Each structure stands twice: as structure tokens, then as C-alpha cells.
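Participant: Okay, here's the structure, questions in a sec.
The values are calculated or read from the model by the stated rules, or taken from the named source; none is laboratory data. Just so we're clear, the structure is a prediction, and the values are computed from it rather than from any experiment. Don't worry about glycine lacking a Cβ; one is built from the backbone with ideal geometry, like all the others, and counts go over all protein chains shown. Heads up: the accessible areas ignore ligands, DNA and RNA and are worked out on the full protein's heavy atoms, side chains in. Shrake-Rupley method; radii C 1.70, N 1.55, O 1.52, S 1.80 Å.
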Amino acid sequence: MQRGAVFRITRHGDEYAAERISAVAIFPCEGMRDDASEAALNAAFETGRVREVRRLYRRDDVPEEDCWVRRPGWCLAYR
């Protein structure tokens, strides 16, 4: 079992707000997530900052220090 979070993503024009709804327990489905994504999510949860996430960006130019978790083409960010 792994941990996760549910986020409500609300689009406002070209911007996306993110709101953490709740924690979840995840039972992995073999082959559904790649190793790099797993490592990025595990590292993000280790920071303890999941409740600070406020936005989803669907681009790669967001500064690293603003991102809770980042993968190619998107990140969940603190502001």
C-alpha cells in the first residue's frame, strides 16, 4: 500500500487552481506508473508539504522551488 492525495483542479481561463481534498491509500496496479513518477511522488510526500499545494501548471517553466512534484509537461505547485 502506498500513500497519495486527492486534488480538486479547477480551471480559470488558462490557469489551474489546485486544492488538496484528502489523503488516500493506494494499492498499486502493476505497470500503471513508471519508476521515475513513483520516485518523484515518494520524494514529494516526504517533504510533508502536500497541504501547501495550490496550483497545477501544464508547462515546464515553473521554478523548481515552487513545485511540490514535477514531471515532464506539468507540476503541482505551492503558488
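Participant: Please list, ordered by first then second residue, the pairs with beta carbon atoms under 8 Å, 6 or more apart or interchain, first in the stretch 1-15 and touching a residue at least 60 places away in the same chain (Cβ under 8 Å), second outside any loop (DSSP other than H, G, I, E, B) and surrounded by 12 or more Cβ atoms within 10 Å (Cβ to Cβ).
Facilitator: Phe7/Ala18; Phe7/Glu19; Phe7/Arg20; Phe7/Leu56; Phe7/Leu76
Participant: Return the pairs, sorted by first residue and then second, in which the second residue is among the hydroxyl-bearing types (Ser, Thr, Tyr) and open to solvent by 60 Å² or more (accessible area, probe 1.4 Å), the first residue lies in the stretch 47-69 and is on the phi < 0 side of the Ramachandran plot, the beta carbons are less than 9 Å apart, and the residues are 6+ apart or on different chains.
Facilitator: Trp68/Thr47
Participant: Within the stretch 39-79, count every residue that is open to solvent by 40 Å² or more (accessible area, probe 1.4 Å), closer than 11 Å to Ala18 by Cβ, modelled with pLDDT under 95 and assigned to a helix (DSSP H, G or I).
Facilitator: Count: 0.
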